[in-house]
Amino acid sequence: MNSERIVGTAVPRKEGLDKVTGKARYIDDMVLPGMLFGATVRSQIPRGKIRRITFPPTISWNDYVIVSAKDILGKNCIALIGEDQPCLASECVNHPEEPILLLAHPDRHVLRKAVEAISIEYDPLPAIFTMEETERGSEIIWGTDNTFKTYRIEKGDVDQVWSKADYVVEGEYSTGAQEQLYIENNGMIAAFDEQSGVTVWGSLQCPYYVHKALMALCNLPAEKVRVVQMETGGAFGGKEDYPSIIAGHAALLAIKSGRPVKIVYDRAEDMVATTKRHPSRTRHRTAVSNDGKILGGEIEFTIDGGAYATLSSVVLSRGVIHAAGPYYWPSVRIRGKAVATNMPPHGAFRGFGAPQSLFAMERHMDRIAQVVGLSPIEIRRRNFLKPGETTATEQTVHEPIDLGKLLDRGLTLSEYHSKKERFSRQNQTGTTKKGIGIASFLHGAGFTGSGERYLSSVVGVEGCADGGVRVLVSSTEFGQGTKTVLCQIAAEALGLRYEDVSIAQPDTTQVPNSGPTVASRTVMVVGKLVESAARGIRQTLTLSGVLGDSYTADEFRAACRSHVAAHGQIRSWAQYEPPPGIFWDDQTYRGEAYAAYSWAIYIAEVTVDLNTYNVSVNDFVALQEVGRVLHPVLAIGQIAGGVAQGIGFALYEKVIWQQGRMQNNQMTNYIMPTSSDLPPIRVFFEELGNVHGAFGAKGIGELPMDGPAPAILNAVEDALGFGFNSIPLLPEDIFAAIAERPLENESDIASEVR
Amino acid sequence: MIDSPEERGKSEISFTVNGERKFLFAFPMERLLDVLRQQLGLTGVKEGCGEGECGSCSVLMDGTLVNSCLVPVLQAEGASIVTIEGLADGTRMHKLQRAFLECGGAQCGICTPGMILAACHLLSKKPVPTLAEIQEGLSGNLCRCTGYVQIFDAVARAAQAGTPPSSLMRPE
Amino acid sequence: MRSDPREYELVAPGNLQAVVTLLAESPGAWLPIAGGTDIMVLYGAGNLPARKLVSIWNFPELRHIEVLGNEIRIGAACTYTDIREHKIIAREFPMLAQAAGWTGGIANQNRGTLGGNIVNASPAADSLPALLAYDAELILVSVRGERRLAYAGFHTGYKKTRLAPDELIQSICLPRRFAGYVSHARKVGSRNAQAISKVCIAALARVEEETVEEIHIAVGSVAPVPLRLVETEGIVSGKIVDESLVLLARKTAAAEIRPIDDIRSKAKYRAAVAANLVAEFLHLLNGSKHA
């Protein structure tokens, strides 16, 4: 590990110069000759039959390209996992803002007015907006029972624990929708000609997802669909599946018009029409012994998927697998359910189900602590998973993780004990209350279970004519450092300089399918394949005699140049092979759910102002074991950014729904933290390595999303003496809870709060 | 050109951008943001929200930071405007650009042009800002990727850097 | 961008006289635009009803600050940054300088104007409670000349003012008599910067030998207009602050305000916080540890 020169160092971001000079090209910076603008006519009701569409005669409709479901040559669906989501609604709509028609015109402003002019009449049907309503089943809006998917994880004999329990602790916890709020809105340009087929350029995470969706929609073979990723201004999961929709729309308009078409959403449309984090509700019932050990329990985890199935089954999967937290459960029954409502479908957002179920677990641990009479620290310490023990899916923890020791380090870094004691004293008087709270958790990297085998990712590395080496992956850069880290890996594997390695723009005609850029898999899984493929280039050169066993970077370049000149391009491929000994049963949901877990202790210090009921986070310690830090600056950036989003999830970001439609779809009213709202976020790492990951790395992209919300709410409870189990937690909620508490002395709220 | 129906209503507007005097025709209520991007090709100026909240469209206008999505282009008449494209001095990066690269201040990059200009404006008023001053100075520029930590580092580092800006050709 | 620039006229005659003449020619036809930080947001959202605008940005006649012996005159087109950077305003009218620093981010402070804040007349506007607390007066100008009136009462209802259709605010006058007063302003928003206020208070008082001789309490976002809590001032004035007075003040304040539920917050929350902020100020006056 110590001999590495590039991996583990803070090399400059590959595309960094372009970003700080304004040269980086995002989709709205791109213009094609003859290009039209496209726009979407959307449903204004949550559910109903489309009765009539009227095009007022005041507009010369021949000047517009108009596309409806009838124009779809392939299947009218967004091919993802299921096929229930139409690309364009034809007979009925199932959520507000559902796309019905597409228009294109050379003039953006004229186009917008045309969209507004079209009137659609509906026969409304009863619509459902909450999980509880949909569970009642009085109205069936999807399938036979409004349920997209269920899972059941069963370990040990749960039904026996209740009689042995000294305590039975129950709790219900809920989380709201959260908007990804990438600063660059969704956008695509599509072009079509008979010879090359459809080409789309856009802001996206998964070129091959879009490729697959366009093939099905446009009824085109693989070689007649080309998808190119432009510089992407943030994604966080919000550009995992949604781009297939906007790309499909642009493509349909391009096919019909024969001209390139650009669709770029403005903020209001992006917020109201695209995916958000699944709202969740978790119910815990836990059997605990006198000395605070979890004996077993039941966890019921429900998520609201919106109107169509999209990714809900996978979000549910990750949510249920993480629901038991980093603890040893001798027995547990976890039941998960994803249900339908008449909201725009919810989708991927960093963490993907785990932030929801881990919020519940970590709030519940504090409740267990209270009931049993132990501290939040002690209750966790006594239940942490240890090497050799099994998770809820009966995966044995093989790595030498010592969560107790990690906890100790976290306590020291955050000065937890001294602060807790000091706050407890200071809270006796004054109108502000301070608290400190903790969350301990894990996050599995890569696709669940057999997912990576199903993806069967392929990576290429190319020896170029100039002697340099180029990485060929469909993994995309959207700020997390994909380009930088994969180039570091290739350079390290080959003994080259960082500058000798470049990476191709993700273009489905140029790069193989290395899988989607999701699930914290890029460095760990794809990176490892890059390592192999890179070594393959070296092998080719060695075998052909132009390269010795040891060489300088310049010698490598010379060898590569001469080989390419003599034999043409060198390409080396590597394909994912499941590691031996990884066993997963999709039916029973048992086995090795993930090849590797990162582990974390997060500690939040908060102040609650009893005059305004605002909560501010004053200090945040994020400590995690991540296998290997491949780039210290990028890794800190990932954690800090994820913590900031987690703080938003906990305290600021509320989606206000009315009849299934987001009302606060502007940045003025959907509140994300500014630079003045966030504390210094202090990031610390530990490294245990990982045999399954490139240079020992595990995934870190999503990990930081899981911890902040429960740590903060645990801190709020420490400050006030009573707690909240639903996020986002707004000042209005704190006020309402305080107002409901019976007061003896109206003028002194402080005396009511321990 | 100005007599055609499409062009009627346009005004002749002149301002300086990145040191160059520009003369153009635009409808007075076109947003400065759109004129910079579409007529002048300065696509480094970004649109994130269109409502003056995210700061991605920030430019310097007569030395002060403004949100170009909220400036009607007529009001830019005679002004001196600096966009991210004008920050570097020839092939030499501005010290803020270098600091952002070194410290991880740019992740996805979409907020970066506006953020760097906001930092530039801050340093012009407060050459050695405290953390609180940096936080306040950048509070109108939203970043979703970084949690601001490494952006603050970058601004602090640039404030300390007295050395001349490094070459654009080889960022170190 | 949800408006078509081709449908709008924006003229910039370049001086105050030309603008008021234009406004007089067709009263109500032309909408004055200064820094545009309110108008352009509506425009971008496709919600600006006006189609003809006249620019009053950066007129020297409207963008200077005059320091006289007994008052300060702030030109209506002074930006929040102009206000924050003015040393005498920062010293003698700290609540106004503070409010200017609360409005938007730096970029919006560089363009937003005090006159614009007044004329836009949002009950949530940040600087208006401070103007009420400081007994501001307005000088309005039109082709008919100037007139001066008290700022109190300028707002007649939600987004309605006493401004005539052909008038502009020329300057805002603040009497220089608050040296030695205790003042306290606070804005409660959804976050620490760039937030529309949920509740806002600007209060000042002169205390002599523990007795409150004069007290002004102004609040925003809790009624259709920014408000002086005249009743509450009345029960505190001339008294010594003690806990029972604070309790009474809370009740009186709660009865004077008319908060609503809206997309940002709830009426009950606003009422409670407004009462808390009044109490906070009163505690400040009696040097209590509660403050």
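Taking amide H as placed 1.01 Å from N in the peptide plane, the amide H of A:LEU295 sits under 5 Å from that of A:ALA287, A:VAL288, A:SER289, each at least 5 places away or on another chain. For the protein assembly as shown, the pair-distance distribution built from all alpha carbon pairs, in bins 20 Å wide starting at 0, is 11, 39, 37, 12, 1 percent. Quick note on segment A:56-110: its Rg to Rh ratio, both from C-alpha atoms and Rh being the Kirkwood radius, is 1.04. Just to be sure I follow: if Rg is taken over the C-alpha atoms of segment C:60-175 and Rh is the Kirkwood radius over the same atoms, what is Rg/Rh? For segment C:60-175, the value is 0.93. Note on A:ASN219 and A:GLN510: with the Förster distance fixed at 35 Å, the Cβ-Cβ geometry gives a FRET efficiency of about 0.90.
In this simple spin-label approximation, B:LEU131 and C:ILE240 carry label points 7 Å from Cα along the Cα→Cβ vector, and these lie 4.4 nm apart. Peptides C:158-164, A:556-562, B:40-46 ordered by packing proxy, namely the average of other Cβ atoms within 10 Å per residue, highest first: B:40-46, A:556-562, C:158-164.
Note on A:VAL110 and A:SER726: the model spin-label points, each 7 Å out from Cα along the C-beta direction, lie 5.0 nm apart. The label-point distance for B:SER14 and B:THR91, in a model that sets each label 7 Å from Cα toward Cβ, rounds to 3.4 nm. Partner shielding of A:651-657 amounts to 1, given as the average count of beta-carbon atoms from other chains within 10 Å of each residue beta-carbon.
Legend: ranking of residues A:VAL315, C:VAL11 from fewest to most surrounding C-beta atoms inside 10 Å; resulting order C:VAL11, A:VAL315.
Between C:LEU163 and C:LYS268, the contour length at 0.36 nm per residue exceeds the Cα-Cα span by 34.5 nm. Taking all C-alpha pairs of segment A:602-754, those more than 23 Å from each other amount to 47 percent.
Taking segment A:571-666 on its own, what percent of its Cα-Cα pair distances exceed 19 Å? Of all Cα-Cα pairs in segment A:571-666, 68 percent lie more than 19 Å apart. Across chain C, Cα pairs under 8 Å and at least six residues apart give a relative contact order of 15 percent.
Note the full-extension length gain between A:LYS256 and A:ASP549 as 0.36 nm times their separation in residues minus their Cα-Cα distance, in nm to one decimal.
Extending this stretch completely gives an extra 99.8 nm.
In plain terms, the chain from A:ALA558 to A:GLU687 could stretch by 42.8 nm, reckoned as 0.36 nm per residue minus the Cα-Cα distance.
A simple charge model with +1 on the Cβ of Lys and Arg, -1 on the Cβ of Asp and Glu and nothing else charged puts the dipole of segment C:150-200 at about 320 debye relative to its Cα centre.
Summarising the overall dimensions of segment A:316-379 from its C-alpha atoms, the Rg and Dmax are 14.3, 44 angstrom.
Which one, A:SER544, C:PRO5, A:LEU678, projects farthest toward the positive side of the charge dipole computed for the protein assembly as shown from Cβ point charges (K/R +1, D/E -1)? Working it through, the farthest residue towards the positive pole turns out to be A:SER544. Report summary: the helix-based calculation at 222 nm, which adds -39500 (n - 2.57) for every DSSP H run with n ≥ 4 and divides by the residues of the protein assembly as shown, gives -8500 deg cm²/dmol. Computed over segment A:123-199, relative contact order equals 12 percent, with contacts defined as Cα pairs under 8 Å that lie 6+ residues apart.
Over segment A:36-137, what per residue volume does the convex hull of the Cα atoms give, in whole Å³?
It is 123 Å³ per residue.
Dipole check for segment A:224-364: with +1 at the C-beta of Lys and Arg, -1 at the C-beta of Asp and Glu, and the Cα centre as origin, the magnitude is about 260 Debye. Measuring spread by the Cα atoms of segment B:95-163 yields a radius of gyration and Dmax of 10.4, 31 Å.
Panel values: segment A:333-484, Kirkwood radius from alpha carbon pairs, Stokes-Einstein at 4 °C and 1.567 mPa s, translational diffusion coefficient 63 µm²/s.
Charge tally for A:SER90 (other residues, Cβ to Cβ under 12 Å; Lys, Arg +1; Asp, Glu -1): -1.
Radius of gyration (Cα atoms) of segment C:5-55, expressed as a multiple of 2.2 N^0.38 Å: 1.12. Taking packing as the residue-averaged number of other Cβ atoms within 10 angstrom, the listed peptides A:524-535, A:625-636, A:343-354 run from highest to lowest as A:343-354, A:524-535, A:625-636. Peptide A:662-674 shows a mean partner chain C-beta count of 6 within 10 Å per residue C-beta.
Per-residue shielding of B:19-31, expressed as the average number of other chain Cβ atoms within 10 Å of the residue Cβ, stands at 3.
Backbone phi angles across segment B:36-47, fed through the Karplus curve with coefficients 6.51, -1.76 and 1.60 (θ = phi - 60°), yield HN-Hα couplings of 4, 6, 8, 7, 9, x, 8, 7, x, 7, 10, 10 Hz in residue order; Gly and Pro are listed as x. Please state the shape class of segment A:74-227: rounded when a/c is under 1.5, otherwise prolate if a/b exceeds b/c and oblate if not, all from the C-alpha gyration tensor. Verdict is prolate for segment A:74-227. Where q = 0.21, 0.26 Å⁻¹, what log10 of I(q)/I(0) comes from the Debye formula for segment B:11-86, counting one point per Cα? For segment B:11-86 at q = 0.21, 0.26 Å⁻¹, log10 I(q)/I(0) is -0.83, -1.34.
Taking the DSSP beta bridges with both ends in chain A, the antiparallel portion is around 75 percent. Amide H contacts of A:SER502 (H built 1.01 Å from N, in plane; Pro and chain starts excluded): A:VAL469, A:ARG470, A:VAL471 sit under 5 Å, all sequence-distant by 5 or more or on other chains.
Working value for chain C: equivalent-ellipsoid semi-axes of 34, 21, 16 Å, each the square root of 5 times a Cα gyration tensor eigenvalue, largest first. Across segment B:11-86, C-alpha contacts under 8 Å between residues 6 or more apart give a mean separation that, scaled by the residue count, equals a relative contact order of 40 percent. With point charges of +1 on the Cβ of Lys and Arg and -1 on the Cβ of Asp and Glu, referenced to the Cα centre of the protein assembly as shown, which listed residue (B:GLY52, A:LEU486, A:SER357) lies farthest in the positive direction of the dipole? In the protein assembly as shown, that residue is A:LEU486. Ranked by the mean number of other Cβ atoms within 10 Å per residue, highest first, peptides A:695-707, B:73-85 order as A:695-707, B:73-85.
Each Lys and Arg Cβ is given +1 and each Asp and Glu Cβ -1; about its Cα centre, the protein assembly as shown then shows a dipole of about 580 debye.
Please find the FRET efficiency linking A:SER68 to A:PHE583, where r is the Cβ-Cβ separation and R0 is fixed at 41 Å, and quote it to the nearest 0.05. The value I calculate is 0.25. Between the C-alpha center of segment B:1-60 and that of segment A:462-511 there is a gap of 37 Å. Using the Cβ-Cβ distance between A:SER90 and C:VAL11 with R0 = 56 Å, the FRET efficiency computed as 1/(1 + (r/R0)^6) comes to roughly 0.70.
All of the numbers you see were taken from the coordinates with simple rules; none came from a lab. None of the values given here were measured: they were computed from a predicted structure. When we count neighbours, we look across all protein chains shown, and the Cβ atoms used for this are built from the backbone with ideal geometry, even at glycine.
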